[in-house]
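Quick notes on the structure that follows.
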């Protein structure tokens, strides 16, 4: 016992241990600060695009295709490795020896700049997946600078940075921890738990200090009033999960099919995809453009006009944006799509209050797309500040996960991560 106490005291007061702690805490604070700045820039970029579109509905028809081609050129020449969501790169970095090709400060800066540009040009992308990539890059880079032990380098820092990025981006600390366990690492170790938790706390506090205390989609008092209303769990879980699984299956299929064209004609592909995004945006009143945050928040809070085609237009714009090869995530667009699906089901099959159907549709589609059911229900619960819907959200999320798995047995991010593992092992 005394030997154990002496060892604990030596570890507590060790200069080497304090160097590790300080660098690690600084990294977590940086992740929170950068994520908050990224959130502010993304919001302003999204608003700028919609102001431009309001000035002239035809402007994005020219601006979006050319803008996406410019972003692809910048991605390939100035920030290679920053394309796409960023979550696959962070997952791949856990398994490959060539981590510096996937995680670096240069890539983090490129991810921020190019994602913001994508929103200015009207792409249907989110900042939450990129925040994971940025957080992992910052932590990994600081770990290399401080010459951390391999255990911190290879697992803890990347996991911690990823979790901190999600927590700061959504203001959902619990979801950040669960995301690291469920999605980022299928072999999460007990010794990493304190590292991830500390990073989430530091990053979340800093982001909250900068952005203020808020809930991503506001607050809702939705609930299921009686046992008959639980039919909404079945309806939303099955339909939302199947649609989410179909989206993932189609995205993975088109990614494989388009890969040779993207390699040989990257700018033509970007222009074609940009034209598709612009046309879909034009006919949806540009509700399909951007993150979908404002549209989803209006649906969740019941202030949006009913548009039955919103989910379809958002799916199309998100698919085209991802295939263009620009940086940008699908978290926020998927949540917005799910909210629209829930609203549609609530109008067509009014078996539960509309607000509850919206929440269930959101968690079902999101769970079906990312196939991470625990992260899905926790993130929706935290984003809407609603604990009354916890049990229905859990049931819907797992039902959606099972439904999605029937049509798409391959998990999205881990499948995409394989493209970054070819030469790294």
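Taking label positions 7 Å along the Cα-Cβ direction at both residue 406 and residue 419, the computed distance is 2.9 nm, reported to one decimal. Were the residues from residue 253 through residue 37 laid out at 0.36 nm apart, the gain over their Cα-Cα distance would be 74.3 nm.
Which FRET efficiency value, to the nearest 0.05, do you get for residue 263 and residue 62 by plugging their Cβ-Cβ distance into 1/(1 + (r/R0)^6) with R0 = 25 Å?
Numbers: r = 27 Å, r/R0 = 1.06.
Efficiency, rounded to the nearest 0.05: 0.40.
With only Cα atoms counted, segment 294-425 has Rg and Dmax values of 15.4, 52 Å.
How far, in nm, would the chain grow between residue 390 and residue 209 when pulled straight, counting 0.36 nm per residue and subtracting the alpha carbon separation? Could you put the intermediate results ahead of the total?
Numbers: separation 181, 0.36 × 181 = 65.16 nm, distance 2.75 nm.
Here the answer is 62.4 nm.
Label sites at residue 52 and residue 294, each approximated as a point 7 angstrom past Cα along Cα to Cβ, lie 1.5 nm apart.
Order 30-36, 357-363 from most to least packed using the mean count of other Cβ atoms within 10 Å. Could the numbers behind the result be given before it?
On the way: 30-36: 25.9, 357-363: 31.7.
Packing order, densest peptide first, comes out as 357-363, 30-36.
Send over the semi-axes of segment 325-377's equivalent ellipsoid, whole angstrom and largest first, taken as the square roots of 5 times the C-alpha gyration tensor eigenvalues. Working shown, then result.
Values: eigenvalues 103, 30, 10 Å².
Equivalent-ellipsoid dimensions as semi-axes: 23, 12, 7 Å.
Stretched out fully, how many nm does the piece from residue 25 to residue 228 gain, at 0.36 nm a residue minus the Cα gap? Each step should come with its number before you reach the end.
On the way: separation 203, 0.36 × 203 = 73.08 nm, distance 4.93 nm.
The span from residue 25 to residue 228 would gain 68.1 nm if fully extended.
Here, each number is a calculation from the coordinates, and none is a lab measurement. This structure is a prediction, so every number in the text was calculated from the model and none was measured. Here Cβ is always computed from backbone atoms with ideal geometry, including for glycine, and neighbour counts include all displayed protein chains.
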